[in-house]
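Comments concern the structure below.
The values are calculated or read from the model by the stated rules, or taken from the named source; none is laboratory data. From a predicted model like this one, the values you see are computed outputs, not experimental measurements. Here the Cβ is made from the backbone with ideal geometry for all residues, glycine too, and neighbour counts use every protein chain on show. Keep in mind that these areas ignore ligands, DNA and RNA; they rest on the heavy atoms of the full protein, side chains included. Shrake-Rupley method; radii C 1.70, N 1.55, O 1.52, S 1.80 Å.
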Amino acid sequence: MYRGELRLEDGENLLWQCSPRPEPAEAKNKKLLTALFVLWLGVTGWFALDGDLAGALFSTVLGGVGALVARRRQDQEELVEYFVTDRRIVVHTDEDGEFDERGYPMADLPEPSLEQHADGTGTLRFAGAEDRRRRRVIHLDRYAEPDLVLRAIEHAQRVYEHVQRARGSAGGAPAE
């Protein structure tokens, strides 16, 4: 199976799909990244001014490796895709090259809640669900039962309405 692909069951209809809107790391942790950059620059400069070229080279290489690791982690976090059908919600994740597909039948889902964000996206949580890792888009914890949280989704109100209708059709608890 490939990114963007979902195998539908007989008679199942796809209502909506998307990947969460990526948030650049610079916007997410701007103060922390600025502080770390200033610290790195100061340490590297101190080594260079002190004449310790080996220390300056080591600091430069360490900073470059740190930047590459941060960039790779950000790219990996963006490999999430949500599908809403008239029978289930399916979440695809691809973390460290391991593809995972989790399906949540509509009839088994608790009441959803919608939180709108200033950037035009929204978060859809299901009753009692916690976003345990508090990461931008990855919501599955490898060591705990996953909670269903759709984060940073476009057209969140429309998705919420799709879920409410599908839950009602599937025999889930009616919306209040």
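What to note about this one:
- The range 44-57, residues that are outside any loop (DSSP other than H, G, I, E, B) and open to solvent by less than 60 Å² (accessible area, probe 1.4 Å): 44, 45, 47, 48, 55, 56
- Residue ID - surrounded by the most Cβ atoms within 10 Å (Cβ to Cβ), chosen from residues in the range 93-119 that are at pLDDT below 85 and either within 13 Å of the chain's Cα centre (by Cα) or under 23 Å from residue 14 (Cα atoms) (or both): 93
- Residue check for residue 5: part of a loop (DSSP other than H, G, I, E, B), acidic (Asp, Glu) and at pLDDT below 75: no
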